[in-house]
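See structure below.
Bear in mind these aren't lab numbers, they're just calculated from the coordinates by the rules spelled out. Keep in mind that what you see is a predicted model, and the values were worked out from it rather than measured. Cβ placement follows ideal geometry from the backbone for every residue including glycine, while neighbour counts extend to all protein chains displayed.
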Amino acid sequence: MLRKEVNDLLTQTGPGTPTGELFRQYWIPALLASELPEDECPPVRVKLLSERLVAFRDTAGRYGLIDEFCAHRGVSLWFGRNEEGGLRCPYHGWKYDVTGRCLEVPSEPAESGFCDRIQLRSYPLVKRGDVLWTHLGDPARRPPLPEWEFALVPPEQTYTSKRWQESNWLQALEGGIDSSHVSWLHSGGLNADPLFKGARGNEYNLKDRRPVFEVVESDGGLFVGARRDAEEGRYYWRITQWVMPSFTMIPPRGDHPVHGHFWIPIDDENTWAWSYDYHPARPLTAEERQAMIEGHGIHNQYVPGTFRPLQNKDNDYLMDRAAQKRGETFSGVRGIAMQDASLQESMGPIVDRTKENLVSTDNGIIMARQRLRKAVVALRDRQETPPGVDPAHQRVRSASIVLLREDAFVEKCREHLRVRPGERHSSV
Amino acid sequence: MRPTDRPTLLNGCARAATAAEARFRVPYANSHPRSSCVVALDPRAEAALRPLAGRQWRGARFRAWDAVEHGLRGLEGLPRPLEDELQGVDLVVLVAGGGEGAAGAQALASLCAARRLQPVGIVVSTHPSAAAALRDCASVLVSSADEEYLADMLTAMRA
């Protein structure tokens, strides 16, 4: 249960809000690089942390993320012409560069210097991996560029997708760090999904459906360990990483690529759910990449031409009660991603946490909320840099591993939970 | 086609998941107060528990493990019969700050198992033996150096 004022504190991320200010301390994913595929390509509307912006790639290949609306009379620059080093409003020809600086006001003499007085809000847009990253905060406090491993490995080793989730960011994140729902909601997927099946660890999952959870603070957020019986005298551990504010990495299975998410607020009722898959030591196979494109694993299918999932609330997520009855899916919804999103969206755009009745297996969520609340307040009241900004907090991995029963997982797995460039992840 | 094949009103997710419809969620208490027993297994844990015991809770009771008597006592020192203390309890929280309470943790975990209760273990220090004392006794083990975590968890779980 969370008091209303704390729920409001953590779910509101617009300009001037404390959690919005928290998100503005980090580099966050803004677009897939493929959305701006070439110089002078069409501009793209972007809404992040309740700010309406437009992204474009100019004649020289520079990326820009600027206020969506022309300073003249408020026309959307989505209609803009991307040409000759800037974005030109089609209404009266005002032109802006990637920094939001006004280059031309055709109706005013150049000598007047009028256009020098015009400056649209702008943010940096930087390509790392498949993603264009932005920092919406104070330039004087801009952190080093992000160092998430999935964004730094060679392109043939990584795949990233994003989808629109029609709910607040926090209830989406909480699903990502709640290990206890996997044995229920996703029970149909382990042995069927091409990106999960065949791992030895799956047998432990299926034999022991009552895992014991261990939640431990980490430098950047939390480790959530789920422990199941393995062979005599041993436990099978699956260790999830959460790094503030909204990065997770799910423990790997066998030699499958390892995956995870970011949840980035579009506004208070909508979220971008980013999903990445990568292998630290080898290229993705053609079959793996094709499976991701087709929406297997943590990815999904789309309404053509959009980032809206094909299964969405307008078609009741293509609910299949017959498949549910046959045991193919637990909730009747197909696919890991939409099994989560459908239930999280059903909670309402911003779930009312005053009505919750939490249990012991919710301790991961309880601790994540506490760490977020404290980081938000520390930033607001004492300007303390929150965990997760430091690139050292980003050089992390998840792990699945078999340990002796008496082993403490954090101590035994420290090296497995850090990036070791070029080396395989620790997986069973 | 049956009428239920074309969802209308709240049988359609699109309308049901809106903020407008969320306002109509029935306003009532959807749970009875829970009965919680929070046990400090060692002196460090007891020191962490004392400030909480004086606050307003929904029925949580705070106890300490008495290693000499091999039983429970109140924080004021009076013995409490073990069977009575777990009667009707639906949440047991075992708190460790060191390793001295391992025997108590084992004893309480056995009693909980007999009542089909799954204790939560909270480690309130960085002492290495504290987690070890709880590891095989708790269904969920949480290690937090934050002195407010225990209070936040009890509040979140409506203790």
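Would you pull out the residues with amide H under 5 Å of residue A:384's amide H, same chain only if 5 or more places away, H placed 1.01 Å from N?
Under 5 Å from the amide H of residue A:384 lie the amide H atoms of A:379, each far enough along the sequence or on another chain.
Multiply the residue gap between residue A:285 and residue A:210 by 0.36 nm, knock off their C-alpha separation, and tell me the result in nm, one decimal place.
23.6 nm
Tally the DSSP beta bridges in chain B and give the antiparallel ones as a percent, rounded to 5.
25
Specify, per residue and in Å³, the volume enclosed by the convex hull of the alpha carbon atoms belonging to the range B:12-76.
163
Ranking A:160, A:271 by Cβ neighbours within 10 Å, fewest first, what do you get?
A:160, A:271
Could you give the alpha-carbon Rg of the range B:95-155 over 2.2 N^0.38 Å, rounded to two decimals?
Working it through for the range B:95-155, the quotient is 1.07.
Return a whole-number percent for the relative contact order of chain B, with Cα pairs under 8 Å and 6 or more residues apart as the contact set.
Relative contact order, chain B: 21 percent.
What size of dipole, in debye to the nearest 20, comes out for the protein assembly as shown about its Cα centre when the only charges are +1 on Lys and Arg C-beta atoms and -1 on Asp and Glu C-beta atoms?
Dipole magnitude for the protein assembly as shown comes out near 980 debye.
Spelling out what I want: for every residue of the range A:396-404, take phi, set θ = phi - 60°, compute 6.51 cos²θ - 1.76 cosθ + 1.60 (Karplus), and round to whole Hz; glycine and proline get x.
10, 9, 8, 7, 10, 7, 9, 10, 5
If I build a Gaussian network model for chain A, linking alpha-carbon pairs within less than 10 angstrom, which residue out of A:22, A:120, A:132 has the largest mean-square fluctuation?
Comparing A:22, A:120, A:132 in a Gaussian network model of chain A, the most mobile one is A:120.
Quick check: Cα centre of the range A:289-336 to Cα centre of the range B:80-159, how many Å?
The range A:289-336 and the range B:80-159 have Cα centres spaced 40 Å from each other.
Once you've got the Cα coordinates, tell me which of A:162/A:412; A:4/A:127; A:207/A:355; A:197/A:313; A:197/A:325; A:4/A:313 are over 31 Å apart.
Long pairs (Cα-Cα over 31 Å): A:162/A:412; A:4/A:127; A:207/A:355.
Helix-only mean residue ellipticity at 222 nm, the protein assembly as shown, DSSP H runs n ≥ 4 weighted -39,500 (n - 2.57), per residue, nearest 500. What is it?
Taking each H run of at least 4 residues, the total per residue is -6500 deg cm²/dmol.
For the range A:1-109, evaluate the Debye formula with one uniform point scatterer on each Cα (no solvent term) and list log10 I(q)/I(0) at q = 0.18 Å⁻¹, rounded to two decimals.
Reported log10 I(q)/I(0), two decimals: -0.87.
I'd like the Karplus ³J(HN,Hα) series for the range B:60-71: coefficients 6.51, -1.76, 1.60, θ = phi - 60°, whole numbers in Hz, and an x wherever there's a Gly or Pro.
Values, residue by residue: 5, 10, 10, 10, 10, 7, 9, 5, 6, 7, 6, x Hz.
Looking at the range A:59-108, which GluC sites (Glu not before Pro) are DSSP coil and have at most 15 other C-beta atoms within 10 Å of their C-beta?
Answer in residue order: A:84.
Along its principal axes, what span do the Cα atoms of the range A:63-172 show, with the longest given first and each in whole Å?
For the range A:63-172, the Cα extents along the three principal axes come out at 52, 31, 29 Å.
Neighbour counts of other C-beta atoms within 10 Å: give me B:42, A:58 arranged from fewest to most.
Least crowded to most crowded, the residues run A:58, B:42.
For labels at residue A:374 and residue B:132 in the simple 7 Å Cα→Cβ model, what's the distance in nm?
Result for the modelled spin labels: 2.6 nm.
For labels at residue B:111 and residue B:84 in the simple 7 Å Cα→Cβ model, what's the distance in nm?
1.2
Under the definition of Cα pairs under 8 Å and six or more residues apart, what whole-number percent is the relative contact order of chain A?
Across chain A, relative contact order equals 19 percent.
Over all distinct Cα pairs, what is the inverse of the mean 1/r for the range A:269-381, reported as the Kirkwood hydrodynamic radius in Å?
For the range A:269-381, the Kirkwood estimate is 17.2 Å.
If you project the alpha carbons of the range A:122-169 onto their three principal axes, what span does each projection cover, largest first, in Å?
Taking the Cα atoms of the range A:122-169, the three principal extents are 35, 30, 16 Å.
Using a 10 Å cut-off around each Cβ, can you sort B:65, A:164 from fewest to most neighbouring Cβ atoms?
Least crowded to most crowded, the residues run A:164, B:65.
Which of B:17, B:53, B:67 moves most in a GNM of chain B, Cα contacts under 10 Å?
B:17
Taking H as built 1.01 Å from N, whose amide H comes closer than 5 Å to the amide H of residue A:103, not counting residues under 5 places away?
Residues meeting the criterion, in which the H sits 1.01 Å from N, are A:95, A:96, A:97.
Just the Kirkwood number for chain A, please: inverse of mean 1/r across all distinct Cα pairs, in Å, one decimal.
Its Kirkwood hydrodynamic radius stands at 22.8 Å.
5 Å is the cut-off here: which amide hydrogens, built 1.01 Å from N in the peptide plane, fall below it relative to residue B:66, excluding neighbours closer than 5 in sequence?
Residues meeting the amide H criterion: B:71, B:72, B:73.
Report, in whole Å, the centroid distance computed from the Cα atoms of the range B:45-68 and the range A:388-428.
With the range B:45-68 and the range A:388-428 each reduced to a Cα centre, they are spaced 36 Å.
Please give the charge dipole size of the range A:19-161, origin at the Cα centre, charges +1 on K and R Cβ atoms and -1 on D and E Cβ atoms. Round to the nearest 20 debye.
Dipole magnitude for the range A:19-161 comes out near 420 debye.
Tell me, what HN-Hα J-couplings in whole Hz come from the Karplus equation 6.51 cos²θ - 1.76 cosθ + 1.60 at θ = phi - 60° for each residue of the range A:288-305, using x for Gly and Pro?
With the stated coefficients, the range A:288-305 comes to 4, 5, 5, 4, 5, 4, 7, x, 7, x, 8, 8, 8, 8, 10, 5, x, x Hz.
How far is the Cα center of the range A:61-115 from the Cα center of the range A:1-46, in Å?
Taking the Cα centre of the range A:1-46 as reference, the centre of the range A:61-115 is 24 Å away.
Given a Förster radius of 41 Å and the C-beta distance between residue B:20 and residue A:415 as r, what FRET efficiency does 1/(1 + (r/R0)^6) yield to the nearest 0.05?
Efficiency computed from Cβ-Cβ geometry: 0.20.
Could you identify which residue out of A:20, A:305, A:61 has the top mean-square fluctuation in a GNM of chain A using Cα springs shorter than 10 Å?
Of A:20, A:305, A:61, the most mobile in the Gaussian network model is A:305.
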